[in-house]
1. Kindly indicate the residue of the stretch 59-85 that is surrounded by fewer than 18 Cβ atoms within 10 Å (Cβ to Cβ) and under 21 Å from P117 (Cα atoms) and also modelled with the lowest pLDDT among those meeting that condition.
2. Given the options I133, I90, name the one that is touching a Pro at 6+ places or on another chain (Cβ under 9 Å), open to solvent by less than 60 Å² (accessible area, probe 1.4 Å) and either part of a loop (DSSP other than H, G, I, E, B) or among the aliphatic types (A, V, I, L, M) (or both).
3. Provide a single number: the residues in the stretch 36-83 that are touching a Phe, Trp or Tyr at 6+ places or on another chain (Cβ under 8 Å), part of a loop (DSSP other than H, G, I, E, B) and basic (K, R).
4. For the condition farther than 20 Å from E142 by Cβ, of a type in the set (F, W, Y), modelled with pLDDT of 85 or more and open to solvent by less than 60 Å² (accessible area, probe 1.4 Å), what is the one hit in F21, F41, F8, F26?
5. Say whether the condition of being under 18 Å from A115 (Cα atoms), open to solvent by less than 30 Å² (accessible area, probe 1.4 Å) and of a type outside the set (S, T, Y) is met by at least one residue in the stretch 45-56.
Amino acid sequence: MSSSFSSFPERNLPATAEIKFLAAIFKGEVSILPDKEFYTFVENLTASQPQMKAETVHRFGPGVYLREMSVKAGAFIVGLHHRGPHLNAILKGRMRVLQSDGRLADLAAPAIFTAPPGKKIGLALEDTVWLNIYATTETDIEKIEREIVVEEETTEAALRTSSLAKYQRL
């Protein structure tokens, strides 16, 4: 399992309605309450864009696992669906995150906070180093992911129905 990282859709691509819509959300011009369909819509849209690599480092301490991600400014990130709350730390940079209640949060280093269960969708406003921090004695990454992440099925039907149509009301 891995998060999806793409360059922010508006930067170097034709301005389709979907890309304009996503850009408007992250500019704060459009409000939306994210739901499963919206996350699928965003995942499919970003998966069809040029992908960026995020440097990921796994660190372990007594009873703790840290996943450190480094992303470049302009990276658009669709995170994994976390089963429960977990600590996060931003060590460097700034991110704009769409929260589950539809609010945008601008987070800047240094910052430590507890993220609720669910997904995070974010835009790196600057080169950013972000830590996810989990309480576990496990050291096998695949086992940890099965423990902390909700396995989500992507079906052809979900891919076909994930479109801008639901959001035309805007």
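The values are calculated or read from the model by the stated rules, or taken from the named source; none is laboratory data. Since we're looking at a predicted model, the values are computed, not measured. Neighbour counts are summed over all protein chains in view; Cβ atoms, including those assigned to glycine, are modelled from backbone coordinates with ideal geometry. Heads up: the accessible areas ignore ligands, DNA and RNA and are worked out on the full protein's heavy atoms, side chains in. Shrake-Rupley method; radii C 1.70, N 1.55, O 1.52, S 1.80 Å.
1. H81
2. After ruling out the rest, the residue left standing is I90.
3. Looking only at that region, the number is 1.
4. From the options F21, F41, F8, F26, the qualifying one is F26.
5. No, that holds for no residue.
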